[in-house]
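This report concerns only the one structure given below.
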């Protein structure tokens, strides 16, 4: 038995298809944001390591005071 040609049912099916597209796009954006978060975390850790290395260089050159601040006696 075939379904009746119901205008409301057709509109509901179109809405359902569009909703599926929106859900797919949201999932893709969520995945991309997750990738960006990982990238930012990696960059942040690299900056922290560079900062620590720079502090060691300053200490070796006696350019840091007791508070860990760079002195301007150049």
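Note the listed values [x] 64, 27, 14; [y] 49, 25, 22; [z] 90, 18, 17, then indicate which one is Cα extents along the principal axes in Å calculated from this particular structure. Checked against the structure: label [z]. Spin-label model, residue 5/residue 69: points 7 Å from Cα along the beta carbon direction are separated by 8.3 nm. Rounded to the nearest 500, the 222 nm mean residue ellipticity of the chain from helices alone is -27500 deg cm²/dmol, with -39,500 (n - 2.57) taken per DSSP H run of at least 4 residues.
Helix 7-60 and the long axis of the chain differ in direction by around 10°, with both axes built from C-alpha atoms.
Readers should treat all values here as calculations from the given coordinates under stated rules, not as data from a laboratory. Since this is a predicted model, take the numbers as computed values, not measurements. Neighbour counts run over all protein chains shown; Cβ positions are idealised from the backbone, glycine included.
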